[in-house]
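Since every read-out is calculated from the coordinates, none of them should be taken as a lab result. Since the model is a prediction, treat every value here as computed from it, not as a measurement. Ideal geometry is used to build each Cβ from the backbone, glycine not excepted, and the neighbour counts take in all protein chains shown.
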Amino acid sequence: MTDDAVRGLLRELAEADASAKAPPELELRLRKEFRAHHRRKSWRSLGFWVLPVPVAAVIFLAILTLVHRRPPTESANGVSINTPVTISSEQALRPETSRPAATTPAPRASVLSAPETEEVVTEFFPLMDPAPPFQRGQLLRVELPASVMQIVGLPVREEHLADPVQADVLIGEEGLPRAIRFVTFEVR
Amino acid sequence: MSETDETLLAQMLKGDEVAFTELYGRRQGPVYRFALHMTRSVPSAEDITQDVFLALIESGRRFDASRGTVLSFLFGIARNHVLRRIEKDSRTELVTEIDEHLSDGSLMEDLTKRETIEHVRCAVASLPPVYREAVVLCDLEDVSYEEASIILECPVGTVRSRLSRGRLILMDKLARHVVRKCV
């Protein structure tokens, strides 16, 4: 057998296997991973300052609006706020997924008027990374457009971006928003 | 006009999923076949292909166009995974069926051809990895010596000598097969 004969046989093998390829489900898995990777990346790339800016801007706008609207009893024009509640760091950072409406620190007419609903809150999403030490702060209930949820990485459908959502904003002693969590009301 | 691999890579690194899908569709075949010929195991070839493109998603920025093409970058990642796998798992599941394409010739001719091809495939898979990778890249995947030298991280002269030595071993194995068949 000659070198040319070996090359010829190798060419035949190459031609026979030319159509061999990875299964289609692998492409689906990889595309899914690609999307997940870029979601994580875009979340990380927001970094220290960029992340708080849009959220803080919306929140400060909400607060500013409310300063000129007294008494802040009900939501209107997309923004509402409750009486500030002073809380400690332990309270603020305690994970919480669901709690009865009756345990909320301040009376909220709009919430309590529906006695059969239960308040469900998400975990707190930090707005500062890294966050300075937190001793005391205030928890403010505000109403924001749902697009803010997207900023912190929560999925929101396109058609609901402008819908109002309630959120608790944790304000640090220095007056900056430290963290945010979102609130929904579920019928018991 | 289609985009180059480098352009697609740049686009996918910015989060363009269409670019990733295009690049994957274009290059998964060679990567998969390289892994398959090196490991002779379909599950391993699938795993390695997955690992290669996951690495591209995670670390595609490490690609340096001055050091070779995107394909040679992918082959380089695949090679690392293949060698690790060969080292870790010497017993691999044999490929039972790859070639399902019979030619238009007679059944006997087809069977003979299939048998011969299968034997060549076995012979390639039985080469020591250092020669196998040179043969698979240069003779089966048509990679140039220069690109192979980048992928295999050795001088072009070494690629040539490994290829030559690999073909000699194959010649011996295949000649013995022909003799056995004729006896």
- Contour excess over end-to-end distance, with Cα ends at residue B:54 and residue B:176 and 0.36 nm allotted per residue: 39.8 nm
- Work out the FRET efficiency for residue A:163 and residue B:83 from their Cβ-Cβ distance, taking R0 = 41 Å, and round it to the nearest 0.05. 0.15
- By how many nm would the segment from residue B:2 to residue B:17 lengthen if fully extended, with 0.36 nm per residue of separation less the alpha-carbon distance? 3.8 nm
- Note on the structure: With residue B:130 itself left out, Lys, Arg at +1 and Asp, Glu at -1 over residues whose Cβ is under 14 Å from its Cβ give +3
- If the viscosity is 1.002 mPa s and the temperature 20 °C, what Stokes-Einstein diffusion coefficient in µm²/s follows for the range B:1-98 when Rh is the Kirkwood radius over Cα pairs? 154
- Go through A:138-145, A:33-40, A:121-128 and give me the packing order, highest mean Cβ count within 10 Å leading. A:138-145, A:121-128, A:33-40
